[in-house]
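The values are calculated or read from the model by the stated rules, or taken from the named source; none is laboratory data. If you're wondering where the values come from, they're calculated on a predicted model, not measured in any experiment. Don't worry about glycine lacking a Cβ; one is built from the backbone with ideal geometry, like all the others, and counts go over all protein chains shown.
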Amino acid sequence: MVYPLSVVKERDRPLLEKVIKGLGFVADISKADAFVYYPSSDGSAIIIAHARPHSLSPLYQEDLTGHRVTPSERPLVFKALHRRGCWRKQCFLLSGEAPIIQESYSIWNGKGRIIGVLSFESNLLEYERRRRRSSVFQSALYQLHEMARRGLLEKAAAFSPVGEQDGILIVDEQGYIRYISGVAANLYRKVGYLWDLRGKSLSELSSVDQHLLKAALVEGSFIEEEAPEGKNIWVRKVLPLYEQPSRWRESLSPLLGKPRIRLTGAIMVIHDATEERRKEQELKVKTAMIKEIHHRIKNNLQTVAALLRLQARRVSSEEARSALKDSVHRILSMAVIHEFLSEHDSGFINIREICRRIMDQAREGMLTPDKCISMELYGPDIDLPSEQATACALVINELLQNALEHGYRDRTTGTITVRLEDLDDKIRIIVHDDGRGLPEGFDPTRADSLGLRIVRTLVQDDLHGEFRLESMDGKGVSATVTFPKARK
């Protein structure tokens, strides 16, 4: 979690960083927006961290990290900044909204100096629901808040979010269930535990529960583990609960030594991930099938290209042979797209990589041994949807083919450059050769060349862009294609 480090003094950072790391988990369990405030020299307080719950709709739709508040806006926060303790009050912090319950906990360091405030804000309805829950849950939640205030939930930063459909269990230090939420009870019923589990030992339910319980109660570990439970797949999170010493005991710490915290049990959160894993598996199978289809299409296109090569060797007409070779290159440029899709999961294609592969194909298939034409590629990686990428591949192939056939007909050396430009909302592709240039009076819009007709059709109809072909004052020809970028 990012927060404005510049406002926090170096001596206060270690403890506040620990508090902030556990903020997301405690916000989810509390079903409340959680904040960490830091006092400012101008009399205000700065929100250095804001965690919105995943277990219900948050009160605030935007992250308030970095906002400043005054005593009139958050009186309870400033009360906790000036007097150690936990303060609770009903207030109206959102205009036109329902009442909000605010709970603020002073954060003080080992020397007793208040360095910040941990605050929770929840709507009145949710607070009343929580207040009507078992006293065991309320006590555990208070312990969790105290642990968060002391920075003891630092390891909970690695936990995945806790959602509305996640079940909660509270067990005591002996491993007996003292509280089980309705969601958790329903989850256990689905796997065959039809009776009331309160008072039962958690270790009797499954070997996974026993392992996690030991990790929390004996080793003091924070663990998240995914394991099968019958035909289902559960994700369990478990952490130990500690009872904090009373404030009067803490005030005597200089005389009696540092007060010790006592292990009182553990909290376990259960998430049924069965449907999620099923969908993930279906997606993996579907993705594998699609990649296999693209692989087969690529192979089939390469087979067609090979057959056309054989046919080209058998025809006696030079014009027919040239037409067949051009078709081979067009087919192979489409095969490049399917080859890329068979290797990657995303439907978006890196057009720079496609350009590189088409240029490699051109070197191998279009250049004769007597030609020493170099090809250079410039520009950033640009991802395009497969439809646009296919059209681009064909356009680039035609422009390279056109440059090699016409620009260097009477030359053996030269350089062709392909430049990609990302113009935010548009893409520009420039293919430049330093060959002999366009014939005098040449009009690209009226040219009968099949390659240029293909380029114009693809650019105008498929890419909805513009195509320009121009001589560069005796320094070759530059072909420019500009088209709007498709939104992801």
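Tabulated results
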quantity: Sole residue being polar (S, T, N, Q), on the phi < 0 side of the Ramachandran plot, under 35 Å from the mean Cα position of the chain (by Cα) and buried (at least 16 other Cβ atoms within 10 Å of the Cβ), chosen from Ser104, Ser57; calculated: Ser104
quantity: Output for the range 187-202, where each listed residue is hydroxyl-bearing (Ser, Thr, Tyr) and within 12 Å of Met268 (Cβ to Cβ); calculated: Tyr188
quantity: Within the range 30-44, tally of residues that are surrounded by fewer than 24 Cβ atoms within 10 Å (Cβ to Cβ) and farther than 13 Å from Glu103 by Cβ; calculated: 7
quantity: Search result, residues across the range 351-374 that are out of contact with any strand residue (DSSP E or B) (no Cβ under 6 Å at 6 or more places or on another chain) and more than 25 Å from Tyr408 (Cα to Cα); calculated: Glu353
quantity: Qualifying residue in the range 313-320 (condition: surrounded by 15 or more Cβ atoms within 10 Å (Cβ to Cβ) and out of contact with any strand residue (DSSP E or B) (no Cβ under 8 Å at 6 or more places or on another chain)); calculated: no
quantity: Tabulated pairs, the range 110-131, first touching a residue at least 12 places away in the same chain (Cβ under 8 Å) and surrounded by 12 or more Cβ atoms within 10 Å (Cβ to Cβ), second assigned to a helix (DSSP H, G or I) and among the polar types (S, T, N, Q), C-beta under 9 angstrom, 6+ apart or interchain; calculated: Phe120/Ser30; Ser122/Ser30; Arg130/Ser30; Arg130/Gln138
quantity: Residue satisfying all of: in the range 412-447; closer than 17 Å to Asp383 by Cβ and part of a loop (DSSP other than H, G, I, E, B); modelled with the lowest pLDDT among these; calculated: Asp424
quantity: All positions within the range 451-476 that are surrounded by 13 or more Cβ atoms within 10 Å (Cβ to Cβ) and either modelled with pLDDT of 90 or more or more than 20 Å from Glu440 (Cα to Cα) (or both); calculated: Ile454, Val455, Arg456, Thr457, Leu458, Val459, Gln460, Asp462, Leu463, Gly465, Glu466, Phe467
quantity: Hits in the range 311-348 - residues which are outside any helix (DSSP H, G or I) and at pLDDT 85 or above; calculated: Val315, Ser317
quantity: Residue satisfying all of: in the range 238-289; touching a strand residue (DSSP E or B) at 6+ places or on another chain (Cβ under 9 Å) and part of a loop (DSSP other than H, G, I, E, B); modelled with the lowest pLDDT among these; calculated: Pro245
